[in-house]
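Every number here is computed from the coordinates shown, using simple stated rules; none is lab data. Because the structure is predicted, anything quoted here is derived from the model rather than measured. Glycine gets a Cβ as well: all are built from the backbone with ideal geometry, and neighbour counts include every protein chain shown.
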Amino acid sequence: MKFRVASSIVMAGVACAAALVTASPAQAATRTCQGDQWKYDACFDGSNDAFYISDYVADGRRAVIKWNAYDGSGRSGECHDANGAMNGAVKCDYDFREGNGNYVAFQGMTRDGANGRDEDISFMVIGYITPR
C-alpha cells in the first residue's frame, strides 16, 4: 500500500514537471545560432529582427554574418564584429517584413578587414521572421 501511494506521488510530480517544462508555440525560442564555437557565434533573433555576432579570438580578424532576406524585399547584407575579441556580441538591427514563411538565410565567417577573404565559413542557417 505504501508503495502505491509513493509511486502515485512520484507520478504526479513528474506530470507537474512535464507541464511546467513544455513550452507553447508562443513561448518557443526565436533565436537561431551557428558558428565556429572556437572563433565566433552568429545568431539571428526573429522576435526583434536582429543579428548578433561575437568574436572569440584575438587574431586581428573580424567575425562577420552574411545574410539574405526571403521576405519579398530581396535585401541582403552583413553584420560585423570589428571591435576586438571577447567583449560581447555586436547587435545589428533590421526591420524585416513579417509574414507566414518569411525567413533569413545567414552564415558566419571570419575576415581580415572589411573586404578581406572569407574564412572559417559556417553552414547556411535559416532563421524565421516572427510576427510581433
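What to note about this one:
- Relative contact order (percent, whole number), the stretch 90-132, Cα cutoff 8 Å, 6+ residue spacing: 45
- Tail fraction, Cα-Cα pairs, the stretch 30-128, threshold 22 Å, whole percent: 23
- Whether the stretch 39-96 is rounded, prolate or oblate, judged on the alpha carbon gyration tensor where a/c under 1.5 counts as rounded: prolate
- Cα→Cβ-extended label distance, 7 Å offset, between Ala114 and Ala58, nm: 2.6
- Amide H to amide H distances under 5 Å link Asp120 with Thr110, where only residues 5 or more positions off or on other chains count and H is placed in the peptide plane.
- Remark: the stretch 76-85, residue by residue, has Karplus-estimated 3J(HN,Hα) of 8, x, 9, 10, 10, 10, 10, 9, x, 8 Hz, where x stands for each Gly or Pro and the curve is 6.51 cos²θ - 1.76 cosθ + 1.60 at θ = phi - 60°.
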